[in-house]
Amino acid sequence: MAARPSWRGQIRLALVSIPVEIFPATKSGASIAFHQIHEPSGKRIRYEKVVPGIGPVDTDDIIKGFEYEKGEYVLLDEKEIEGVKLESKKTLELTQFVDAHDIDPIYFEKPYYVVPADDLAEEAFIVLREALRRSRKIGLGQLAMRGREYVVSLKPCGRGMVLETLRYADEVNKAASYFRGIGDAKPDQDLLDLAETLIDKKAGKFDAGEFHDRYVDALKGLIERKKKGKSISIDDAEAAPSSRGSNVIDLMAALKRSLDNSGKTTAAKTPARKAPAKKAAVTPAKKTAATGAKAPARKRA
C-alpha cells in the first residue's frame with residue numbers, strides 16, 4: 001500500500017507555484033508496549049469516557065471545547081475547526097533564505113521528504129532544488145497541518161528535498177538558565193591534550209546502522225524468560241561514581257587508563273596521535289541560537 005502524504009499543497013517562490021506532497025522521513029523505532037493489568041484477576045484494565053453524574057457516554061456525543069473560565073466552555077465541532085481559513089494550509093510560501101548554520105540545531109524538530117505532486121511539477125521542482133543546492137541556502141516559510149502552523153525549512157536531499165519543522169523561539173528553553181552555575185575555569189592543558197587524543201582515537205564516520213536500542217533488547221529477553229517461567233534475579237544497580245570530591249590526579253589517571261584501553265581495540269585502525277602543541281588563543285565564536293542567536297519568529301496569520 002502506497003504511503004499516504006502528510007500534506008499536499010504547493011511551494012510558492014514569488015510567482016512560481018510547485019505542487020508537492022510531503023511524507024514523514026522518520027518512523028518510530030522498536031519499543032515494548034505495556035498494559036495495566038489487575039494483578040489478582042490477571043485481566044486488563046480498561047478506561048471509559050464518562051461524564052460526572054451521567055456515566056459512560058457515546059463517542060458520537062463528544063465534541064471539542066475550549067475552557068475560557070473554570071467550568072465554562074466554547075464548543076467547536078470538527079467542521080468549524082477545519083473551516084479556519086489559513087493560506088498556509090495549502091501553500092508554503094518561501095519568504096526567506098538563510099545559511100544552514102544560521103539556525104541552531106536545537107530548533108529543528110521533524111523531517112519530511114518532499115516530492116513533486118505530478119510530472120508537470122517536476123521541472124520547476126528540480127530548478128528550485130538545484131538553485132538551493134548551488135546557493136547553499138535553505139528556504140524558510142510557514143505551513144499549517146495537524147491543527148497548528150509550523151515554521152519550516154526546505155533544503156535539497158538527493159533527487160528530492162527535505163522539509164523540517166522548526167520550534168518557535170518560545171518553545172526552546174534558554175541555555176543560560178541551566179549553564180550559569182558552570183564556572184569559567186580554564187582546563188589543565190595536559191588533561192585537555194589527553195582528552196583530545198582519546199577523542200581522536202575514537203573518531204570515525206557516523207553510521208546510524210551501528211546503533212540499536214539495547215534497552216528494548218534487554219526487555220525482550222526479560223519477557224522471554226518470564227514466559228518460560230524462569231526465576232528472575234534483580235541485581236543491585238552499580239553505585240554511580242560520585243561527581244564530587246574527585247581531583248586532577250584521579251582525572252589524569254582515568255584518562256590515561258582510557259587511552260590504554262582504547263589503544264588495545266583501535267591501534268590497528270588508528271595511528272597514535274602526537275600530543276598537540278599549545279594552541280594560540282582563539283577569538284570566541286558567536287553564541288548559538290540556544291544562548292541568544294537567531295531563532296524562528298512566530299508569525300500570526
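No value in this document is a laboratory result; all are computed from the given coordinates. What you see is a predicted model, and the numbers here were worked out from it, not measured in a lab. Every residue, glycine among them, receives a Cβ derived from its backbone with ideal geometry; neighbour counts consider all protein chains shown.
Structural remarks
- Sorted by Cβ neighbour density within 10 Å, fewest at the top, the residues His35, His212: His35, His212
- Note that the stretch 1-150 carries a Kirkwood radius of 20.1 Å, evaluated over its alpha carbons pair by pair.
- Distance (nanometres) between label positions extended 7 Å along Cα→Cβ at Leu251 and Ile232: 4.0 nm
- FRET efficiency, Val98 to Arg8 (Cβ-Cβ, R0 25 Å, nearest 0.05): 0.45
- The slack between Phe34 and Arg180, meaning 0.36 nm per residue of separation minus the straight C-alpha distance, is 48.6 nm.
- In terms of its C-alpha gyration tensor, the stretch 79-121 has an oblate overall shape, because the principal axis ratio a/c (a ≥ b ≥ c, square roots of the eigenvalues) is not below 1.5 and a/b does not outweigh b/c.
- In the stretch 138-207, the C-alpha radius of gyration followed by the widest Cα-Cα span (Dmax) gives 20.2, 54 angstrom.
- Distant-in-sequence amide contacts of Ser6, defined by a placed amide H-H separation under 5 Å and a gap of 5 or more residues or a different chain, comprise Ile22, Phe23.
- Inter-part distance, the stretch 153-221 to the stretch 36-110, computed on C-alpha centroids, equals 31 Å.
- Full-stretch length increase - Tyr215, Lys64 - with 0.36 nm per residue and alpha-carbon distance subtracted: 50.6 nm
- For the stretch 42-106, projected area of the alpha-carbon convex hull averaged over all directions, nm²: 10.9 nm²
- Rounded to the nearest whole Hz, the Karplus-based 3J(HN,Hα) values (6.51 cos²θ - 1.76 cosθ + 1.60, θ = phi - 60°) of the stretch 186-201 follow the sequence 7, x, 5, 4, 5, 5, 5, 4, 5, 4, 5, 5, 4, 4, 4, 5, with x at glycine and proline.
- Average silhouette area of the stretch 4-52, convex hull of alpha-carbon atoms, in square nanometres: 8.5 nm²
- P(r), alpha carbons of the stretch 74-161 - 5 Å bins starting at zero, rounded %: 3, 11, 20, 22, 18, 12, 7, 5, 3, 1, 0
- Shown for Arg133, Arg257, Arg12: other C-beta atoms within 10 Å of each C-beta, ranked fewest to most, produce the order Arg257, Arg133, Arg12.
- Magnitude of the charge dipole, the stretch 1-122, Cβ model with Lys/Arg +1 and Asp/Glu -1, debye to 20: 460 debye
- Pairwise FRET efficiency - Ala208 versus Asp119, Cβ, R0 = 35 Å, nearest 0.05: 0.60
- Sequentially through the stretch 153-160, phi angles give Karplus couplings (6.51, -1.76, 1.60; θ = phi - 60°) of 10, 9, 8, x, 7, x, 7, x Hz, Gly and Pro residues having no value and appearing as x.
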